[in-house]
Each structure stands twice: as structure tokens, then as C-alpha cells.
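The values are calculated or read from the model by the stated rules, or taken from the named source; none is laboratory data. In this text, all values refer to a predicted model and were calculated from it rather than measured experimentally. When we count neighbours, we look across all protein chains shown, and the Cβ atoms used for this are built from the backbone with ideal geometry, even at glycine. For the accessible areas, the whole protein counts, side chains as well, though only heavy atoms, and no ligand, DNA or RNA atoms are used. Shrake-Rupley method; radii C 1.70, N 1.55, O 1.52, S 1.80 Å.
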Amino acid sequence: MTDTDGTRLKRAAEIRDRRQTATDESSTAPTGPSPETEGEDGGAEPEQRLLTVKLGAEDYAFDVTTVAEVIEPTSLTRVPRTPPVVAGVIELRGRVTTVLDPAAVLDPVGTSGEDRPIVVFDQEETGRQGAVGWLVDDVGQVLTPTADQYRDPPGDAAWMHRALRHEDDYVVVITPAAIFEQAAAAIDAAFKPD
């Protein structure tokens, strides 16, 4: 195992632990309103925890509660006639997991490397019929941003939710469901009879 693999595994374990802690806290928390911060429009906005990932040279983030786990890089089986958004499939604990390459939708600057970790989404959170994962270049950290860190999205694509000022850079907060929908449309188009 290389040092990079060890670092990725350690990050995956940290994310799993943070997610479990968040689940434990929510199950033991008193009922009532959740912690909130003030939104840009002055209204109350629920506090959100975001997982950061790197695709190419760009940073993205999405709600960590949608993530079931992060797995180390593994060999993918390519599915014939599928569009570029479908990186392939893997067998994960006895079930077939479709692995998407969100870079095909997001079109980030820079190139993606080899040996990329996979973020596997929670089926209940995503509403997908089968297990789905994303091939990413790196998994970052879990952030709990404050309302003053949020900015308007840098574009109007359906998958762009907001921008987030973090340290000296911006992270694009994305909506995984919109990526799933675009991937589903591309798959449907690929298998549509001519």
C-alpha cells in the first residue's frame, strides 16, 4: 500500500466516523428545530455538512448525508455501449454498483488521474433503484459552512446549487440528484433504438 492509498483510506475512515457521529447525534438529539443559520435572504437555513471532492483541478461539495461510504480505487468493468458518464460497474459486497464519472457532466478543468476513489451513495438518500457511486480524483474533508460563506452559483446548470467560500478558494456545491438525472438521460439516449 502506498502512502497515498493509506491517506485515502484514512480519509474514508474519518468520513465514515463523522457520518456515524452525525447519525448518532441526530438519533439522540431532542426533537424540535434543527440548528439553523441565517441564509443570504435573511431567512433561516438548516446547517449543512458537505463532503468535498476533487475532480480534475476543481473542488466540489455535496451533502455528506447522501454518502454511504468511500472505497479505495478498484478495477471497474466497462459496460458496452454506455455513454462516457458511465465509468463501469463493480461488485461491492455482493451487489452490482454502477459507477458514474461526474466529470463527464461537470466538465472540470484538468485531467483525471488513475487509481481514483469511489464515493458510494446511500440508496435511500438518492432514491435510486440500484447502488450508485461516483469516480472522483480525491476525497477532501467534511465542512460545516456558515451562512456568510455561501455565494450565488457560478453558473446556471441544474447541478449547481451554490458556491462556497472556503479558505482562499471557492468550492462549487452541487446537487447529486441532478447529476444522476443527466446520467440517466444519457444512458436512455444511448440505448434508444435508432
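Residues in segment 137-154 that are within 22 Å of ALA183 (Cα to Cα), open to solvent by less than 30 Å² (accessible area, probe 1.4 Å) and not acidic (Asp, Glu): VAL139 only.
Okay, residues lined up against (1) in contact (Cβ under 8 Å) with a residue 40 or more places away in the chain; (2) open to solvent by less than 10 Å² (accessible area, probe 1.4 Å):
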site: LEU51; (1), (2): yes, yes
site: LEU55; (1), (2): yes, yes
site: PHE62; (1), (2): yes, yes
site: SER75; (1), (2): no, no
site: THR97; (1), (2): no, yes
site: ASP115; (1), (2): yes, no
site: VAL120; (1), (2): yes, yes
site: LEU135; (1), (2): yes, no
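When the residues of segment 175-193 are filtered to those that are within 22 Å of VAL142 (Cα to Cα) and in contact with a helix residue (DSSP H, G or I) (Cβ under 8 Å, 6 or more places away or on another chain), the one that is surrounded by the fewest Cβ atoms within 10 Å (Cβ to Cβ) is ALA177. For segment 51-93, a residue qualifies if it is farther than 30 Å from ARG151 by Cα and either touching a helix residue (DSSP H, G or I) at 6+ places or on another chain (Cβ under 9 Å) or polar (S, T, N, Q) (or both), and the qualifying residues are ILE71, GLU72, PRO73, THR74, SER75, THR77, ARG81, THR82, PRO83, PRO84, VAL86, ALA87.
The numbered conditions (1) modelled with pLDDT of 85 or more; (2) over 14 Å from the mean Cα position of the chain (by Cα); (3) open to solvent by 70 Å² or more (accessible area, probe 1.4 Å) are all true for HIS161 except (2). Checked against (1) outside any helix (DSSP H, G or I); (2) over 18 Å from GLU72 (Cβ atoms); (3) open to solvent by less than 50 Å² (accessible area, probe 1.4 Å), THR111 meets all criteria but (3). If the condition is being under 25 Å from ALA68 (Cα atoms) and touching a helix residue (DSSP H, G or I) at 6+ places or on another chain (Cβ under 6 Å), then segment 142-174 contributes VAL142, ALA158, TRP159, LEU164.
For GLU91, the conditions (1) within 21 Å of VAL173 (Cβ to Cβ); (2) in contact with a Ser or Thr (Cβ under 8 Å, 6 or more places away or on another chain); (3) at pLDDT below 95 are fulfilled apart from (1).
Okay, residues lined up against (1) among the aromatic types (Phe, Trp, Tyr); (2) in a strand (DSSP E or B):
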{"residue": "VAL120", "(1), (2)": "no, yes"}
{"residue": "GLY133", "(1), (2)": "no, yes"}
{"residue": "GLN141", "(1), (2)": "no, yes"}
{"residue": "ASP148", "(1), (2)": "no, no"}
{"residue": "PRO154", "(1), (2)": "no, no"}
{"residue": "HIS161", "(1), (2)": "no, yes"}
{"residue": "ARG165", "(1), (2)": "no, yes"}
{"residue": "ALA177", "(1), (2)": "no, no"}
{"residue": "PHE180", "(1), (2)": "yes, no"}
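Once segment 81-95 is narrowed to residues that are small (Gly, Ala, Ser) and either touching a residue at least 60 places away in the same chain (Cβ under 8 Å) or not in a loop (DSSP other than H, G, I, E, B) (or both), the residue that is most open to solvent (accessible area, probe 1.4 Å) is ALA87.
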